[in-house]
Amino acid sequence: MKLVIGCDHGALTLKNEIKKVLADFPNIETVDMGTHTTDSVDYPAIAKAVCDEVAAGRAERGILLCGTGIGISIAANKIRGIRAALCHDVYSAKMARQHNDANILALGGRVLGPGPAGEIVRAFLTSDFEGGRHARRVDMIMQLENER
């Protein structure tokens, strides 16, 4: 699996910790889309860079981080084909994959510590979409993009 990751300046430290967790998965190729310094950057640009890769099929999943995870998840969900889930616990990460087929995990660098964030990432990566009745609902969600 190819996974893209990106963050703004408010989550650089957590992104670097998450990259250590990702290194434990030999079947995952990780591409870091930035930022790489604590200089201020605009999170919508990072969201676009990561989501464009996922939406185009060049990566299967992505992880986005900003200070709270809120802004970057909102930006990500504006991009056609993206289902970004802001998760603060393992259960939500599992459900985001199993029931919503989320392709982007959003996290808050100023909200989560590296231990809980690592467990959330592991849950997101090891949970599969269940399909069935959930597929119908995901299809309905994706149709909302075409209504305006």
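Since every read-out is calculated from the coordinates, none of them should be taken as a lab result. Remember, it's a predicted structure, so these values are computed and weren't measured experimentally. Note that we place each Cβ from the backbone using ideal geometry, even for glycine, and neighbour counts take in every protein chain shown.
Laid out as a table, the results:
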| read-out | value |
| --- | --- |
| Among Glu53, Glu119, Glu29, residue whose mean-square fluctuation peaks in a GNM of the chain (springs only between Cα atoms under 10 Å) | Glu29 |
| If the convex hull is drawn through the Cα atoms of region 2-146, its volume per residue in Å³ | 92 |
| Space enclosed by the convex hull of the alpha-carbon atoms of region 22-87, per residue, Å³ | 98 |
| Modelled FRET efficiency - R0 22 Å, Thr13 with Asp42, Cβ distances, 0.05 increments | 0.70 |
| Of Val50, Ala102, Ile70, farthest towards positive along the dipole that unit charges on Lys, Arg, Asp, Glu beta carbons give the chain | Ala102 |
| Computed lengthening from Val138 to Ala49, 0.36 nm per intervening residue step minus Cα-Cα distance | 29.7 nm |
| Ordering of 87-94, 102-109, 45-52 by burial proxy (mean other Cβ atoms within 10 Å per residue, highest first) | 102-109, 45-52, 87-94 |
| Table column - 3J(HN,Hα) (Hz), region 48-62, Karplus curve with 6.51, -1.76, 1.60, x for Gly and Pro | 4, 4, 5, 5, 4, 5, 6, 4, 7, x, 7, 9, 7, 9, x |
| Non-local Lys pairs in the chain, i.e. 8 or more apart or on different chains, that have alpha carbons under 23 Å apart | 14 |
| Beta bridge orientation in region 2-146: antiparallel %, DSSP, nearest 5 | 0 |
| Inter-label distance, nm, simple model (7 Å from Cα along the C-beta direction), Thr30/Glu60 | 1.6 |
| Residue-count net charge about Asp139 - beta-carbon cut-off 12 Å; Lys, Arg +1, Asp, Glu -1 | +2 |
